[in-house]
Each structure stands twice: as C-alpha cells, then as structure tokens.
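Colleague: First the structure, then my questions, so here it is.
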Amino acid sequence: MPGISQSASELFREEYENLLALVLRRISTECEHHKIENIKPHCPFLSDYVREFGRLLLIVFKYNLKEALKDEIRWYINLFYSKNLGLNGINLIIDSWLMTIQGWLKSPECNELSALLIELKDEIPSIIEKLKKIEVITDKNVSELVKLLISGESDRTKSFIKEILNTKTADELITNLIIPTLETIGLLWEKNELEIFEEHLATMNMKEILQYITFLSVPKKIHDKNLLISCVPNDEHDLIATALASYLQIKGWMLKNLGRGLPPEQILKAVKRFNPQALILVFTMISRLEGTLDTISLVKREFPSLSIIIGGRGAILAGSVLAEKGCIVVNSFNECNETLLSKLN
Amino acid sequence: MSNLRLKNIAKDFYDGRNLRRVLYQTNLTFYPGELVVLSGPSGSGKTTLLSIMGLVLKPTEGAVYLNERDITNISDNQAADLRFKNYGFIFQQHMLIDGLTVLDNVLIAFAVQGKKIRNDQKNRAYQILEKLGLKEAINMQPLSLSGGMKQRVSIARALVKDPLILLCDEPTASLDAENGITVMRILKRTAIEERKIVIVVSHDSRVFPFADRLIKIENGQIVSDTREHYT
C-alpha cells in the first residue's frame, strides 16, 4: 500500500466532520433504498460502525499505520459476516468513505487517501479466506472452560480451575488457558456463534474466576514495587487488564487496577495519588491511539522517569509510534513481567 | 442489458486560433439502476461529456453506443428522435413555461411532437406528479410554486416519457438544503426503482451521498471512477 503524506492526513483531519456527515447521509440513503439484502435491521447500528471506521482512518492516515488497517478490517469482516451482511456490509462502509473522500476532498490528496482504501478492498477477499481457515477451538480444556463460562455455573467452573491448578502453576494457567479462552470467546462472538448475553455471562464469570485464581495463588509480596494498570482512554476491554493484574499479582507484584479506559487526566491523577514505579497500559483498539498518546504525554510531562509499559493488539500495531514516545511495548504477559523485572529490580 | 457506452471518446474545440482538446480519450459504460455523479471543477469537461452523452455534441474521436448500437454518426433528426424516446433532461433552472399549468408543463414533453396527447400519456403524467408529491399542484401555475416544487415538476416532465437515461445538469444548484435533498432522493429512487440510468453533473457536495458511482473529471480527463460493489 502507498504511504500517506502529511498534507493528505491533515486535510482528512480538518474535513473529518464534514466527511463523516456525508458518509452518514450516504449510509442512511442506502438504508432507505436497502439495496443490500438483510440490511434493514442493522441500519440503526451502521452509523456506529461508520464512526468507528472513521476514527480508525484518522489514526491510520495520521500515523501511516497501513498494516493496522488490514488487521483491524478483520473485526469488520467478522462483524458483518456474523450479521449476514457479508462482503456487502464491508463494501458499504468502505465505498461510502471512498466516494465521500473522492467527492469532498481536493486532489491529489483525495487520490492518495483513496488509494489506500482501494488497495484494502482488493485485499479483503484474501483476508476473508485466511479468516475462514481459523479454527475456533483446538484445545480440550479451552473448549470446556468456554462451555462452563457461558453456562454461568460458577461453582463448576471453580472446581474445573482448581483441578487444573493441580497440574499447572497459576501463571501457566493464565497464559495457557485463560488467555486462549478469552480469544476463543471473542472469536465465537465475532462469528455469531455466541449470543450477546452469553458473552456477558462469560465475561462476568471470567472476572470471578480470575479473582478466585488470584486468591488461591498470590504469594506474599516478592517485589517491593507498586504498579498501576489501566486500559487506555475509551478502551472498554478491561478483561485483559484484569487478567494481567491477576498474572502480575501471582508473580508477586503489588498493583492497583483502574480497569476500563478513563480519561487521560484521571489516569494522571491516579499516578499522582499512588506513585507507582510503572504504569501499565492495556491498548486493544488502534482507533484509541490518540487518547493513548495524550495519556503518555500527560504522565511523562509530570513523571518523566516513570516506566510506561504498554501491551495489547493496538499497542503491537502502533508499536513504532509508542516506542518513539518512550514507552516499552510488550507482546505478552510474560514479556511484561520480564520487563518489570529488568526495569524495576 | 440496456446501457450507454462511450468508447474512446475525445472532443476538440477550435478557440479561434488553435484546436484545443477539452476531453481526452474516455471510456465509460452506464447501466440502469445506478445514479452516477459526474463531478469536477468549472471547465473540467463535464458538461462536454454530458453533451456527448445526450447526443447534443458529436465526439471528435470515438463512438457512442446506446444498447450496443453505434449512434455516433446518426443525423440530427435521428438524434432528436433518439433523445425524445430515450432521454430526459433536468437542468439547474427548471425551465417551466409560465402561463401553463403544472400538468401542461409536464405534458409539453409530448406536445412538442405535434400530436394529440393520448389519455394514457395524461394518466402517466398524473401518476408521476402524484408520486413526486405534486398532486395538489396539478392545476397551479409555475409562478405560485416554490423552487423545490418547480424542480420536481421538471423531473416529472423528464420522466413522463419513461426514458432510459436521465441527464441532470446541476439539478440542486438553485435549491436550498431541504429541497436539494428531496430532489436527490427522487432521482435516487428513480434510478433504483424504475431502473433508469441517472447521471448527475454537479459540484454540490449534497449530491455525493446519493451516488452509486462517482466519476471525477479534471482538465478533460477522468481522474477517478469509484463505484459501489454489492453482490
């Protein structure tokens, strides 16, 4: 894919509200004429996806994160296939942005921005093929835990976990069972093989199970250091942060977990209050990059020597941007722990 | 399938001293059921392109096909006949005749043939005016209509002959926001429900959300052609 110049990215940002209004108008026009089969029930929600995709484009264009766009489009593919809109749903969103960019923005900027979307469209069939080949459940224990979590039977789930703890350490359990289970639940939901209530039930149960594992396994503190964990602003995926908190507690760290994404100012206030030796940010959706960078700048301004460690899908996709800001990007829970050991001890 | 096809079309004009190319080699095919927006700055060649599509201008090079029949070199009379049968035109100005009622302004599309207007033609005019929300205005005169209503009458006049192709030159330019959107809604519905080829020349941003296909032209060349892809 071609790169995006600064002038094109800035023009897109300046005109973003106008572009968004035109794209939303196009979506409502398409819904009115419902040329796409099955589109009608989804019309009330399509504007949310359009906005989310627009936020993604803002980030991708500004930071030249072309690979992130290809990665994030998987979420849309899963979403639209799960809603029986398939490729038409994805094309509706991309074409609407494409035509609006072409119609509203001047050249050559509009062509630069469009080229990236056109190439993305060309790659979608191969991305879909790859996605089709992904096996949802491969491990017997993962499959069992998923079943228990969505059944909402907390006592049976705890017994199952306790049994596994006879053969595995708690940190192994988190990395080898809990994380793959979370991924599996995410995939099942994206593939529309889970009802929304089942996903909620699984999330609630998983939080309880993580507390249970931590309760059973936390050693006396080994490291005399404080950590603060938080999701990045507007990132609602706090289950990963909860799992990480359990994992690090099991590894002997003292920590506080702020959970789902607070505004940057609130994260800064928490840093001031608790004075941690490291701030660990969980960053899932790449479209939250701006808020993440704001948080980092705000914290670094007042605490320049504070280690900021950041992980999650978004962090990996925007690794180079975050590293430039002085953050340490980690790929796994284990790498996070290793980084803490080397930085703080 | 019915279509309008431009094959290697180019157009030169003599400006008094030099021969100037105003439209470079262009290949485009239009199909029923799509609303195409042709956009570009003033002097970009979009009106020239529209005039070639509408058989008002002949291309210097290339060929125009209507339903796969080459109509590039037909006589002026043949062109007028084809236009009458297959084309409807909508302009920025509604071009209604004061002194005639709304219904008569629509029926004038038939009256220009010099033949008596048939009942079925009259009925079709009634139906279209009703569909466009002008039932109550049928016996009114253009002077008592709003700008938006006048433009809707001009759409009715273009549609009454049931043409395959609707060519619209800046149809929203003289309308306020609400009426502009109403007109575009009608054109979109016409393209989809009545399976017409609707081509709208415009640089009004309000028309972009209604496009199934957006063609941009600059300095006589197509610089982008974006169309939706649904299965």
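The values are calculated or read from the model by the stated rules, or taken from the named source; none is laboratory data. Note that the structure is predicted; figures quoted are calculated from it, not measured. Cβ sites come from the backbone with ideal geometry, for glycine too, and all protein chains shown count toward neighbours. What goes into the accessible areas is simple: the full protein's heavy atoms, side chains included, and nothing from ligands, DNA or RNA. Shrake-Rupley method; radii C 1.70, N 1.55, O 1.52, S 1.80 Å.
Colleague: Can you name every residue in the range B:65-101 that is β-branched (V, I, T), within 20 Å of the chain's Cα centre (by Cα) and within 18 Å of B:L129 (Cα to Cα)?
Modeller: If the condition is that a residue be β-branched (V, I, T), within 20 Å of the chain's Cα centre (by Cα) and within 18 Å of B:L129 (Cα to Cα), then B:I90, B:I97 are the ones that fit.
Colleague: Based on what the data block shows, is A:K191 touching a Ser or Thr at 6+ places or on another chain (Cβ under 9 Å), surrounded by fewer than 18 Cβ atoms within 10 Å (Cβ to Cβ) and within 28 Å of A:K130 (Cα to Cα)?
Modeller: On the way: touching a Ser or Thr at 6+ places or on another chain (Cβ under 9 Å): yes; surrounded by fewer than 18 Cβ atoms within 10 Å (Cβ to Cβ): yes; within 28 Å of A:K130 (Cα to Cα): yes.
Criteria met by A:K191.
Colleague: Please go through the range B:195-225 and pick out each residue that is at pLDDT below 90 and either within 19 Å of B:L4 (Cβ to Cβ) or not in a helix (DSSP H, G or I) (or both).
Modeller: Going residue by residue through the range B:195-225, those that are at pLDDT below 90 are B:203-206.
Matches in the range B:195-225: B:H203, B:D204.
Colleague: Condition test on B:D15, is it among the acidic types (D, E) and more than 18 Å from the chain's Cα centre (by Cα)? Before you say what the answer is, go through the steps one by one.
Modeller: Numbers: among the acidic types (D, E): yes; more than 18 Å from the chain's Cα centre (by Cα): yes.
So B:D15 passes the test.
Colleague: Considering only the range B:169-178, I want to know if a residue exists there that is farther than 20 Å from B:T48 by Cα, part of a helix (DSSP H, G or I) and more than 8 Å from chain A (Cβ to nearest Cβ).
Modeller: The answer is yes, given that some residue of the range B:169-178 is farther than 20 Å from B:T48 by Cα, part of a helix (DSSP H, G or I) and more than 8 Å from chain A (Cβ to nearest Cβ).
Colleague: Suppose the filter is touching a residue at least 40 places away in the same chain (Cβ under 8 Å) and either open to solvent by 60 Å² or more (accessible area, probe 1.4 Å) or closer than 15 Å to A:S246 by Cα (or both); does A:E172 pass it? Steps first, answer last, please.
Modeller: Numbers: touching a residue at least 40 places away in the same chain (Cβ under 8 Å): no; either open to solvent by 60 Å² or more (accessible area, probe 1.4 Å) or closer than 15 Å to A:S246 by Cα (or both): yes.
No.
Colleague: What is the number of the single condition among (1) away from every other protein chain (no Cβ under 13 Å); (2) farther than 23 Å from A:H34 by Cα; (3) in a strand (DSSP E or B) that B:L166 does not meet?
Modeller: Every condition holds for B:L166 apart from (2).
Colleague: I'd like the residue in the range A:62-115 that is on the phi > 0 side of the Ramachandran plot and more than 11 Å from chain B (Cβ to nearest Cβ) and, out of all such residues, is least open to solvent (accessible area, probe 1.4 Å).
Modeller: Checked the range A:62-115; the qualifying residue least open to solvent (accessible area, probe 1.4 Å) is A:N64.
Colleague: With the requirement that a residue be open to solvent by 40 Å² or more (accessible area, probe 1.4 Å) and free of Cβ contacts under 8 Å to residues at least 12 places away in the same chain, what does the range A:1-41 give you?
Modeller: A:Q6, A:E10, A:E14, A:E17, A:A21, A:R25, A:E32, A:H34, A:K35, A:K40, A:P41
Colleague: Report yes if some residue within the range B:158-179 is surrounded by fewer than 21 Cβ atoms within 10 Å (Cβ to Cβ), among the charged types (D, E, K, R), over 19 Å from B:M53 (Cβ atoms) and modelled with pLDDT of 90 or more; otherwise report no.
Modeller: Start the filter on the range B:158-179 by keeping residues that are surrounded by fewer than 21 Cβ atoms within 10 Å (Cβ to Cβ), which leaves B:161-164, B:169-170, B:173-174, B:176-179.
From the residues that got through so far, the ones that are among the charged types (D, E, K, R) too are B:161-162, B:169-170, B:176, B:178.
Cutting the leftovers down to over 19 Å from B:M53 (Cβ atoms) gives us B:176, B:178.
Now restrict to residues that are modelled with pLDDT of 90 or more: none.
Scanning the range B:158-179 turns up no residue that is surrounded by fewer than 21 Cβ atoms within 10 Å (Cβ to Cβ), among the charged types (D, E, K, R), over 19 Å from B:M53 (Cβ atoms) and modelled with pLDDT of 90 or more.
Colleague: Moving to a separate point now. Would you be able to tell me the number of residues in the range B:121-131 that are within 20 Å of the chain's Cα centre (by Cα) and either more than 15 Å from B:R185 (Cβ to Cβ) or modelled with pLDDT of 90 or more (or both)?
Modeller: Going through the range B:121-131, the residues within 20 Å of the chain's Cα centre (by Cα) turn out to be B:124-125, B:128-129, B:131.
Still in the running and either more than 15 Å from B:R185 (Cβ to Cβ) or modelled with pLDDT of 90 or more (or both): B:124-125, B:128-129.
The number of residues fulfilling the criteria is 4.
Colleague: Here's a follow-up. List the helices (runs of 4 or more DSSP H) inside the range A:128-247, counting only whole elements, that have at least 1 residues being at pLDDT below 85.
Modeller: Where helices (runs of 4 or more DSSP H) fall fully within the range A:128-247 and carry at least 1 residues being at pLDDT below 85, they are A:179-190, A:196-217.
Colleague: Another one. Of all residues in the range A:16-47, which are out of contact with any Cys (no Cβ under 9 Å at 6 or more places or on another chain), over 25 Å from A:I59 (Cα atoms), charged (D, E, K, R) and more than 8 Å from chain B (Cβ to nearest Cβ)?
Modeller: A:E37, the sole residue that qualifies.
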